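In what follows, a single structure is set out as structure tokens and then discussed.
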Amino acid sequence: AIENEALMLEMADVVKQSGAQILRGGAYKPRTSPYSFQGLEEEGLHYLAEAKKRTGLCTISEVTSIAAIQAAKGVIDIIQIGARNMQNFELLKAAGKSGIPVLLKRGMSATIDEWLNAAEYIMAEGNENVILCERGIRTFEKYTRNTLDLSVVPIIKERTHLPIIIDPSHATGDWKLVEAMSLAAIAAGADGLIIEVHACPECAWSDGAQSLKPAKFASLIEKGRAIAQVVGRSL
Ligand code: PEP
Ligand code: MN
């Protein structure tokens, strides 16, 4: 979540230094509880735009409504449709019509076919810039926040031409598991990772338990580069 401008800019510098190519900051936060922090909304989008000016990083933020898509247009580079909205068909159609590249997360209980049909809703409007993101699915296992379904990587590669990235942060909900799942995702052939980083996870307004400190993120990226090389990719 974007909490304030100074932290946003600091994190942008830090992840850029470690080799990140895209900066994700949540401006509209679809929280499980209505009493949790809901995001800085448009103000947050502008902080992302500032971070881009400063670092050159591409920017991405989740949109939770058609009005948020309009607010994002021309301000950020990619819009995210989150797990909870994967089958919000009016939002998918509006994202398609907007022409803005879309990161489409898999719904927590969505089958691969349902997910691909959601992508189809966006593309049917003429927007073919869709990135798929696996963020873990709900299973009987309660040890982790969700269960990371890494088998989707080769399946998506076989079924589609779309890039597939992995979100080990939301998939596990536990920063201690993020590195292992990131390395496994690279080995499985994922096209990217989306990883939560916070200068002070203990003080984060959302998802602190799954956020990495900057030094841990930097060392993960170094290990990731080594794995990528082994499987004939680069990071
Ligand atoms: C997020 O990316 O911050 C988020 C809310 O993720 P998801 O939609 O995967 O739960
Ligand atoms: Mn989050």
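If you take the C-alpha gyration tensor of the chain, multiply each eigenvalue by 5 and take the square root, what semi-axes do you get, largest first, in whole Å? Write down the numbers at each step before the final one.
Numbers: eigenvalues 107, 102, 64 Å².
Semi-axes (√(5λ), whole Å): 23, 23, 18.
May I ask you to list the aspartates and glutamates whose Cα is less than 19 Å away from that of Lys142, ignoring any residue fewer than eight positions away on the same chain?
Glu134, Asp167, Asp174, Asp207
Can you pull the one-decimal nm distance between simple spin-label points at Asn4 and Cys200, each 7 Å off the Cα toward Cβ?
0.9 nm
The stretch 1-53 to the stretch 175-235: how many Å between their Cα centroids?
18 Å
Are any of the pairs Lys53/Lys176; Lys16/Lys52; Lys52/Lys73; Lys157/Lys223 more than 22 Å apart by Cα-Cα distance, and if so, which? Walk me through the intermediate numbers first.
Working: Lys53/Lys176 32 Å; Lys16/Lys52 10 Å; Lys52/Lys73 15 Å; Lys157/Lys223 24 Å.
The answer is Lys53/Lys176; Lys157/Lys223.
Run the helix sum for the chain: -39,500 (n - 2.57) per DSSP H stretch of 4+ residues, divided by residue count, reported at 222 nm to the nearest 500 deg cm²/dmol.
On the way: 9 runs with 101 residues, N = 235.
The helix-only estimate for the chain comes to -13000 deg cm²/dmol at 222 nm.
Among Gly56, Gly224, Gly26, whose mean-square fluctuation peaks in a Gaussian network model of the chain (Cα, cutoff 10 Å)?
For the chain, modelled as a Gaussian network with Cα springs under 10 Å, the answer is Gly56.
For the stretch 1-47, list log₁₀ I(q)/I(0) at each q in 0.20, 0.29, 0.30 Å⁻¹, using the Debye formula over Cα point scatterers of equal strength and ignoring solvent, two decimals each.
Results for the stretch 1-47 at q = 0.20, 0.29, 0.30 Å⁻¹ read -0.67, -1.02, -1.05.
Over the Cα atoms, compute the radius of gyration (one decimal) and Dmax (the largest Cα-Cα distance, rounded to a whole number) for the stretch 1-81, in Å.
Gyration radius and largest Cα-Cα distance of the stretch 1-81: 12.1, 35 Å.
With the alpha-carbon atoms as the only input, what is the per residue convex hull volume for the stretch 96-222 in Å³? Write down the numbers at each step before the final one.
Working: hull volume 14.8 nm³, N = 127.
With only Cα atoms used, the stretch 96-222 gives 116 Å³ per residue.
Every cysteine in the chain with no other Cys Cβ under 4.7 Å from its Cβ, please list them in numeric order.
Cys58, Cys133
Which whole-number value in Å² is the accessible area per residue of the chain, probe 1.4 Å? Walk me through the numbers on the way to the answer.
Numbers: 10920 Å² over 235 residues.
Accessible area per residue, the chain: 46 Å².
The values are calculated or read from the model by the stated rules, or taken from the named source; none is laboratory data. Please read all numbers here as calculations on a predicted model, not as lab measurements. Glycine also receives a Cβ, built like all others from the backbone with ideal geometry; neighbour counts cover every protein chain displayed. When the accessible area is computed, the model is the full protein with side chains, heavy atoms only, and any ligands, DNA or RNA have been set aside. Shrake-Rupley method; radii C 1.70, N 1.55, O 1.52, S 1.80 Å.
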